[in-house]
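Okay, so here's the structure we're looking at.
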Amino acid sequence: MRAVRVHRYQEDPLIDDVPEPTATGPWDVIVDIGAAGLCRTDLHVIEGQWDAIQHPKLPYILGHENAGWVREVGSAVTNVQPGDTVIMHPIVTCGLCLACREGQDSHCENSTFPGLNVDGGMAEVMKTNARSVVKLDPSLKPADIAALADAGLTAYHAVRKAAPLLHPGTHAVVIGSGGLGHIGIQSLKALTAAQITVVDTSEEALDLARTLGADHTVSQPGDGGKLLEITEGGAHVVFDFVGEHGTEALGVNALRNRGSYYTIGYGGAVHLDTIEIISREINIVGNLVGTYLDLVELMTLTAQGKVTLHTQTYDLEDAVQAMHDLNSGKLVGRGILVPNHT
């Protein structure tokens, strides 16, 4: 099969011919990939940022946002069968550790992370397990929903955590209306009654934000004064879907006292004096992917038409060009790689 593989960090991946995976264990699920999402994390993987955390053995296949159709299942699998349309939770979990017992899939003590430390889904076929597959209504097309497996899931996870803080009359600021942020906006509209202000330097991205229900948009944030004015003294919650290039300081400065800065994007750093954290009683909250239940809920909202993924589709063979387009800012919404066999 054809697959997008990282061979060396700081170099473009290659499109290789590799053997197809097969079911060897009782809980294995083999999926014919219908679509794989392209994420900024893939760029960070290529840069080597995840090497010290995930320790993948090179070369390996990228792709942690995947959907398709079940081809083969192991002897113990009963929740899906060949032919089912599925989306994969990005982490393959054991189900036995305390984190799994608590439903905290992202913190499984024995997990693998396809696309980050084992072979992922930027290929024609992928191996996962029964715990990771969410069976979908067959009317849902993998190319329309694949990126919800991580970008959508992570955005929804952050909003769901913050929802109790965003009662009517509160203000939420969304930094970045790209692949993650535009899902965050829709999740905020579905789960909260907060006023939503979106910050982005791209007018095209802000146009998208307005069509999705943003109450205010800001294209030139400057020192954050405009945000403080719109939010009447500061946001109750800031969702930073960029997490680098200065958005970290912007997000914290846009908070009111007792506000919460939720970082979803990464790559930068938050620099705060402890006295500021204490005196303002502000919170800095990290967000890693999401739970299996989060993904089920997100797919329910998608089936109801309350969340729609805005995408640009590329052939799997054009994966490197898609990555360059993402890196240069030419992509609005989410890049989707589709294998030829679909």
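Would you mind telling me which numbered condition in (1) buried (at least 20 other Cβ atoms within 10 Å of the Cβ); (2) more than 18 Å from residue 285 (Cβ to Cβ); (3) out of contact with any Leu (no Cβ under 6 Å at 6 or more places or on another chain) residue 171 fails?
All conditions pass for residue 171, except number (2).
For the stretch 100-117, check the following and say yes or no: at least one residue is in contact (Cβ under 8 Å) with a residue 12 or more places away in the chain, more than 29 Å from residue 178 (Cα to Cα) and open to solvent by 40 Å² or more (accessible area, probe 1.4 Å).
Yes, the stretch 100-117 contains a residue that is in contact (Cβ under 8 Å) with a residue 12 or more places away in the chain, more than 29 Å from residue 178 (Cα to Cα) and open to solvent by 40 Å² or more (accessible area, probe 1.4 Å).
Can you tell me which residue within the stretch 183-209, out of those that are over 19 Å from the mean Cα position of the chain (by Cα) and assigned to a helix (DSSP H, G or I), is farthest from residue 301 (Cα to Cα)?
203
If we scan the stretch 244-261, do we find a residue that is of a type in the set (A, V, I, L, M), under 30 Å from residue 138 (Cβ atoms) and in contact with a strand residue (DSSP E or B) (Cβ under 7 Å, 6 or more places away or on another chain)?
Scanning the stretch 244-261, I find no residue that is of a type in the set (A, V, I, L, M), under 30 Å from residue 138 (Cβ atoms) and in contact with a strand residue (DSSP E or B) (Cβ under 7 Å, 6 or more places away or on another chain), so the answer is no.
Within the stretch 296-315, is even one residue open to solvent by 60 Å² or more (accessible area, probe 1.4 Å), outside any loop (DSSP other than H, G, I, E, B) and closer than 25 Å to residue 92 by Cβ?
yes
Out of 34, 25, 83, 103, report the one residue that is of a type in the set (Gly, Ala, Ser), under 21 Å from the mean Cα position of the chain (by Cα) and not in a strand (DSSP E or B). First the steps, then the outcome.
Values: 34 fails: not in a strand (DSSP E or B); 25 fails: under 21 Å from the mean Cα position of the chain (by Cα); 83 fails: under 21 Å from the mean Cα position of the chain (by Cα).
Exactly one of 34, 25, 83, 103 is of a type in the set (Gly, Ala, Ser), under 21 Å from the mean Cα position of the chain (by Cα) and not in a strand (DSSP E or B), namely 103.
Suppose the filter is among the small types (Gly, Ala, Ser) and either in a loop (DSSP other than H, G, I, E, B) or open to solvent by 70 Å² or more (accessible area, probe 1.4 Å) (or both); does residue 243 pass it?
Judged against the criteria, residue 243 is a match.
Select from the stretch 61-80 the residues that are out of contact with any Lys or Arg (no Cβ under 6 Å at 6 or more places or on another chain) and part of a strand (DSSP E or B) and list them in ascending order.
First, pick out the residues of the stretch 61-80 that are out of contact with any Lys or Arg (no Cβ under 6 Å at 6 or more places or on another chain): 62-79.
Selection gives 66, 67, 68, 69, 70, 71, 72, 73.
All but one of (1) more than 19 Å from residue 300 (Cβ to Cβ); (2) in contact with a Phe, Trp or Tyr (Cβ under 9 Å, 6 or more places away or on another chain); (3) surrounded by 24 or more Cβ atoms within 10 Å (Cβ to Cβ); (4) of a type in the set (Gly, Ala, Ser) hold for residue 121; state the number of the condition that does not hold.
So the condition that residue 121 fails would be (2).
Of all residues in the stretch 224-259, which are basic (Lys, Arg) and either closer than 24 Å to residue 160 by Cβ or in contact with a Lys or Arg (Cβ under 6 Å, 6 or more places away or on another chain) (or both)?
Once the filter is applied, which keeps residues that are basic (Lys, Arg) and either closer than 24 Å to residue 160 by Cβ or in contact with a Lys or Arg (Cβ under 6 Å, 6 or more places away or on another chain) (or both), the stretch 224-259 yields 256, 258.
Output the residues belonging to the stretch 248-295 that are outside any loop (DSSP other than H, G, I, E, B), hydrophobic (A, V, I, L, M, F, W, C), free of Cβ contacts under 8 Å to residues at least 40 places away in the same chain and open to solvent by 10 Å² or more (accessible area, probe 1.4 Å).
249, 275, 277, 278, 284 - these are the residues of the stretch 248-295 that are outside any loop (DSSP other than H, G, I, E, B), hydrophobic (A, V, I, L, M, F, W, C), free of Cβ contacts under 8 Å to residues at least 40 places away in the same chain and open to solvent by 10 Å² or more (accessible area, probe 1.4 Å).
The values are calculated or read from the model by the stated rules, or taken from the named source; none is laboratory data. Just so you know, these numbers come straight off a predicted model, no measurement behind them. When we count neighbours, we look across all protein chains shown, and the Cβ atoms used for this are built from the backbone with ideal geometry, even at glycine. Note: accessible area is taken over every heavy atom of the protein model, side chains too, but ligands, DNA and RNA are not part of it. Shrake-Rupley method; radii C 1.70, N 1.55, O 1.52, S 1.80 Å.
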